[in-house]
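The values are calculated or read from the model by the stated rules, or taken from the named source; none is laboratory data. Since we're looking at a predicted model, the values are computed, not measured. Positions of Cβ are generated from backbone atoms using ideal geometry, with glycine treated the same way; all protein chains shown enter the neighbour counts.
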Amino acid sequence: AQTVTQSQPEMSVQEAETVTLSCTYDTSESDYYLFWYKQPPSRQMILVIRQEAYKQQNATENRFSVNFQKAAKSFSLKISDSQLGDAAMYFCAYRANSGNTPLVFGKGTRLSVIA
Amino acid sequence: DSGVTQTPKHLITATGQRVTLRCSPRSGDLSVYWYQQSLDQGLQFLIQYYNGEERAKGNILERFSAQQFPDLHSELNLSSLELGDSALYFCASSRGSLWETQYFGPGTRLLVL
């Protein structure tokens, strides 16, 4: 079974600084998708970024970028120029691109941003 | 705003009762997914519907059931409620059936007393 591990339950970052959240996953599939979702105090789940495993280029969305290391099964999220609004729980998620396989989520990392 | 709507936002009920949670997907999305988020279990996939048909089943209890209607809205029915069913229930939607990017609704917070 696929598993997603986020080894950092909590992280903190100074405003305007850069922080990296870690995620590793376990799978025997070669074709899959990876996602980072953000859950602010409102509890809404917001898609931050998505990466297709067949793409070598790391995905970026404004201040958010990923470091996708397929061989190491690692998918970290880098947040640059951190803002107070970035404070939230961040969930890493995996989905195999085969049949009706579900999204598998990690346990989450709680990010605090210090003014 | 993801475009996915869920009602009600909050629900408080007693053990043994039955409740219905409602979800409307984004315009044009045919798939609806239900998830349960509890403190100890994290985010768990419950069930997926695509264009009215059940497509995938996860860790959904027999006391829970769901359906998707012709207008594509979905309902999750929870019966014989137990204290442990207290959780945040999310609905998500996507364009097709193959689990591409899912967009989540705001969730329904269920408290069973």
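Those residues that are among the small types (G, A, S) and part of a strand (DSSP E or B), I need them from the range B:3-45; list them, please. Write out each step before concluding.
Applying the first criterion (among the small types (G, A, S)) to the range B:3-45 yields B:3, B:14, B:16, B:24, B:27-28, B:31, B:38, B:42.
Residues satisfying the conditions are B:S24, B:S31, B:S38, B:G42.
Check every one of the strands (runs of 3 or more DSSP E) wholly within the range A:65-115 and list those with 3 or more residues that are away from every other protein chain (no Cβ under 14 Å). Step through it out loud before you land on a result.
Numbers: elements: A:74-79, A:88-96, A:109-114.
In the range A:65-115, A:74-79, A:109-114 are the strands (runs of 3 or more DSSP E) which contain 3 or more residues that are away from every other protein chain (no Cβ under 14 Å).
Within the range B:46-101, how many residues are more than 14 Å from every other protein chain (Cβ to nearest Cβ) and part of a strand (DSSP E or B)?
Total satisfying the criteria: 10.
Answer yes or no as to whether B:R55 is closer than 21 Å to A:R95 by Cα and among the basic types (K, R). Don't jump to the end; show me each part of the working.
Details: closer than 21 Å to A:R95 by Cα: yes; among the basic types (K, R): yes.
When the stated conditions are applied, B:R55 passes them.
Among the residues of the range B:20-44, which ones are farther than 15 Å from B:R109 by Cβ, small (G, A, S) and surrounded by fewer than 19 Cβ atoms within 10 Å (Cβ to Cβ)?
Within the range B:20-44, B:S27, B:G28, B:G42 meet the criteria.
So which of B:D40, B:D29 ends up being at pLDDT below 95, acidic (D, E) and farther than 25 Å from A:K107 by Cα? Talk me through it step by step, then tell me what you get.
Values: B:D40 fails: farther than 25 Å from A:K107 by Cα.
Result of the check over B:D40, B:D29: B:D29.
Please enumerate the residues belonging to the range B:59-86 that are of a type in the set (A, V, I, L, M, F, W, C) and at positive phi. Explain how you work it out, then say what you get.
Here is the first cut: in the range B:59-86, the ones of a type in the set (A, V, I, L, M, F, W, C) are B:60-61, B:64, B:66, B:69, B:72, B:76, B:78, B:81, B:83.
B:L72, the sole residue that qualifies.
Give me the residue from the range A:27-49 that is at pLDDT below 95 and among the charged types (D, E, K, R) and, out of that set, surrounded by the most Cβ atoms within 10 Å (Cβ to Cβ).
A:R43
So for the range A:93-108 (the condition being buried (at least 20 other Cβ atoms within 10 Å of the Cβ) and on the phi > 0 side of the Ramachandran plot), does at least one residue qualify?
For the range A:93-108, residues buried (at least 20 other Cβ atoms within 10 Å of the Cβ) and on the phi > 0 side of the Ramachandran plot: present.
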